[in-house]
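One structure below.
Any read-out appearing in this document is the output of simple, stated calculations on the displayed coordinates, not a laboratory observation. Nothing here was measured: the structure is a model prediction, and the numbers come from that model. Here the Cβ is made from the backbone with ideal geometry for all residues, glycine too, and neighbour counts use every protein chain on show.
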Amino acid sequence: MAETQQSTNLEKPPPGVVERYFKKHFRIDLKGKKYEDQVVLTHSNRVCVVCIAESHPICSEKKEVIKVDFEVKGSNRMDNKMSGKAKRGAQWLGPTAVLCEVTCSDESKYTLYCCVKGQLVEVNENLITKPCLLTEKPLGAGYLAVMLPGLKHFDKEIAQLMCEEKYKKALEERSTNVS
Amino acid sequence: MAAPMPMDICGVGVGAGSFTYDEQTDLKLKEFDLFTSSHEESRQVALHLHSVGCCPRCILRLLGESHPSSYRATPQDLERIFLPKEKWSSSSDTHTNPCSTCLGILQQYADKSFFKKLAGKVKQENFEFHDHQCSLILPVSLIVRQKAAFVDLKRKFGDIYVGKEERISSVKDVWKWACGPPVADLLQSKFQNRASFDILMTFTYADSDKECTFLLDIYPDTFYRRKQRKFGFETFTRANVANALAYTDNSKFEDCSPCPPPLPTVECECTVTCNHEAVFIAGRYQKYSRVLSQTPWVIDGKRAMEGSVQELVCDQILQTFRPTEHRLSSSGREDVDVRMLGLGRPFVVELINPHCTRFSVEEIAALQKRINASTSDVQVRDLQTVSRVETEKLKEGEIDKTKKYSAFCWCERELTDADLEKLSAIKDLTLHQKTPLRVLHRRTAATRDRVVHSMRAEKLSPNRFKLQLTTQAGTYIKEFVHGDFGRTSPNMSELLGAECDITDLDVEAVDVDWPPYIDPVPAEDSEDTAKSQAVTSDTVNAEPVPDATDCRQTQDPCGVTATSDTVNAAPVPDVTDRRQTQDPCDVNTAPDKTIDCDVVAANTNSTTPLCGSE
Ligand SMILES: [Zn+2]
């Protein structure tokens, strides 16, 4: 029996970290800008990993990212001194707060947002030295930031995002509109 | 208020003065060691004390007797020795007033009928004990009454009592001297000054605070503030009252508090409780299930998962020792989905107020057998009773000790021999681990350095390999393999330049050399042991994906319950390593897995014979 198992499905990749531990929630056409979509990976412990969605022009148009800047409008998202388990001192940000600005090699610029209301626990500083991670591993090492919504507000905050099913429908509609 | 003093008594023997004394009392008086060697003086004091409501035992102790054996005499005997016939209580006097100095603690709480009640209460608690100690908590105002009695004696019989206050035997001591032996006889147990089984008598006296109130007037600063802080504070404690009285000279005391002490208007009450010192039982446990949390896992009052390591280890122990409470501590802990193999993880169970405690080595061995027969998910070895001091060794291993793991890994491309060599050559690799996302909600966000001392990679199939690691305690193994969004660096993906993931994790060794080994340590070296165990697990086609959690070894009490990663884990029957209780060939009869994603075999080259590992 073990032998059959071996030959049939053993080398199929196991479900990855995102599939195992997270649910995907989306915000699309952020700030009314077409196709500027982001995804929030929510863990059952209410930790939210904010990422760029693969339908975002940066990814879908396979742009080359040359700069990710967390310094926005005079406030630096990396300037986030916090302490203790309660993360005292972390910046509290709303869903439309700017997270970072992305510059591509074609000189196009995009703004990415927090997407959920909560404490900004960390930004992915690796993106500063390796901006290419953003498009290479958008739902992995290219994540943007970690947000932690308040204990009581988690469900409410997540309810304001688009579930994966609706997101897929929205993508389908986009392609029919185009064609 | 004192009775007229019969100062004229001078004669000894029959018919002296206005009172008649028993003929033989002189002989008996000689056997005591009192503050005064004069029998006349002793009789005068005794008569006075009797007149102010002192019980016979208090008369004896206020006369200065401090030999325990003297208190074996019954109150009736003592009356006959110290008091004239006219004052002897008749046998019809069943109820006497409580003594003004001991509040009856050396009277009705020191007689046969009380002993019977006491023994009955202790037996009802159903403890098994062979020796015992008695503790008494006495009303605070007893200190005031003792002082009042002394001040009165000093006033009336000055010479005898100069410098004697400290030499008067305490109510507590006299109770133990008088009552210890008969109570021990009834309990058929040895009475000791210190024993692990304690019979606690708490005496409460309704007027206690009232009788101390005068201290508020003399020492407002000392007592007033305590009075304000009512919650959790007694205004008067034994310590502060005794201390205040030590600073109060006798004439001042006399002005404020009646001397001699008045007859009590209410009686003392006594509550009896029994307590056995905690007993500690230590051992090591192995855990063969990937769906078993360490502590009972309850979400919103409902069981999220059947059983727990704690329950499987403790249930039989509790039935044997019958404690009122217990606590399991271990040298670290493993996640719900992580197995604990090798020689197991050291643990201690603290048994609070155990009702049975004396067990032979053979009986403890039998207990271990019962635990191991009760479950195949957990097995216990090296079970033994240990002292409280020894249990501290359990925690010593928490920091700066190494841990050994087997991680079953997947890589997106086929592994080459060069990859394996590269991994196996790595020594003392320092990882920078950000607090894993799965625990970030309840732990401080930080980047911590942890060292992987050594690794050995073994290819199991083109994309799968088993990684044996020795790491510093506190290393997050799962994050080291899958990278946690690049938040642990370096990680396996970076080392191999290809995406990696972990499907299963086993703890192979917790390097804590305590408790002492009792069960034979397997003759093979630990690596061979690990290998044979892994072979058994290899045959399991569908291990639940390690859905979660904390492979870090911590003592965080909410470690398992708070890590909610595992909520998605379908309860998969454990079919893994049951080599101790079940033929490993049975694994093929494992029920189908109900996990919604494709689960992954940890291992593939399962051509090794299944049976016969160990
Ligand atoms: Zn008394």
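Once Rh for region A:18-165 is found with the Kirkwood sum over Cα pairs, what is the Stokes-Einstein diffusion coefficient at 20 °C and 1.002 mPa s, in µm²/s?
140 µm²/s
Between beta-carbons, use under 10 Å as the cut-off and find the net charge around B:Ile105, counting Lys and Arg +1, Asp and Glu -1.
Working: positive: B:Arg57, B:Lys172; negative: none.
Here the charged neighbours net out to +2.
Evaluate the relative contact order of region A:18-165 (contact order divided by residue number), counting alpha-carbon pairs under 8 angstrom at least 6 apart; express in whole percent.
After rounding, I find 26 percent.
Can you grab the distance from the C-alpha centre of region B:194-210 to the C-alpha centre of region B:497-521, Å, no decimals?
51 Å
Using the crude model of +1 on Lys and Arg Cβ and -1 on Asp and Glu Cβ, and no other charge, please compute the dipole size for region B:260-416 relative to its Cα centre, in debye to 20.
So the dipole magnitude of region B:260-416 works out to roughly 560 debye.
Tell me the chymotrypsin sites (Phe, Trp or Tyr not before Pro) within region B:244-311 that lie in a loop according to DSSP and have at most 13 other beta-carbon atoms within 10 Å.
Passing both the DSSP loop test and the Cβ count: B:Tyr247.
Quick one: which residues, 5 or more positions from B:Trp297 or on another chain, have an amide H under 5 Å from its amide H? H modelled 1.01 Å from N in the peptide plane, none for Pro or chain starts.
B:Ala304, B:Met305
Per 0.36 nm of contour for each residue apart, how much would the distance between B:Leu186 and B:Ala239 grow if the chain were fully extended, relative to their Cα-Cα spacing?
15.7 nm
Please compare each pair in B:Lys287/B:Lys401; A:Lys63/B:Lys434; B:Lys147/B:Lys190; A:Lys23/A:Lys117; A:Lys117/A:Lys137; A:Lys31/A:Lys63 to a cut-off of 26 Å on the Cα-Cα distance and tell me which ones are over it.
A:Lys63/B:Lys434; B:Lys147/B:Lys190
Place a point 7 Å from the Cα of B:Glu363 along the Cα-to-Cβ direction; which residues of region B:172-202 have their backbone N under 13 Å from it?
It comes to no residues whatsoever.
Could you tell me how far the Cα centroid of region B:109-181 sits from the Cα centroid of region A:145-179, in Å?
One Cα centre to the other: 77 Å.
Determine the alpha carbon to alpha carbon distance for each of A:Lys24/A:Lys109; A:Lys12/B:Lys478; B:Lys121/B:Lys176; A:Lys85/A:Lys130; B:Lys117/B:Lys176; B:Lys28/B:Lys85 and list only those over 22 Å.
A:Lys24/A:Lys109; A:Lys85/A:Lys130
Of B:Asp315, B:Asp501, B:Asp77, how do they rank once you tally other Cβ atoms within 10 Å and put the fewest first?
In order of increasing Cβ crowding within 10 Å: B:Asp77, B:Asp315, B:Asp501.
Within region B:260-285, name every residue whose backbone N is under 17 Å away from a label modeled 7 Å from Cα of B:Ser387 along the Cβ vector.
B:277-282
What residues from region B:126-164 fall in the zone where the backbone N is under 12 Å from a label point 7 Å along the Cα-to-C-beta line of B:Asn97?
Correct set: none at all.
Mind putting together the pair-distance distribution for region B:37-121? All Cα pairs, 10 Å bins, whole percent per bin, short to long.
17, 51, 27, 5, 0
Among A:Lys152, B:Lys85, A:Lys34, what is the fewest-to-most ranking by other Cβ atoms within 10 Å? Spell out each step's value before the answer.
On the way: A:Lys152 7, B:Lys85 13, A:Lys34 10.
The fewest-first ordering by Cβ neighbours comes to A:Lys152, A:Lys34, B:Lys85.
How high is the relative contact order of region B:174-332, given as a whole-number percent (alpha carbon pairs under 8 Å, six or more residues apart)?
Across region B:174-332, relative contact order equals 23 percent.
Under a crude label model (7 Å from the Cα following the beta-carbon direction), how far is B:Asn250 from B:Thr202 in nanometres?
3.7 nm
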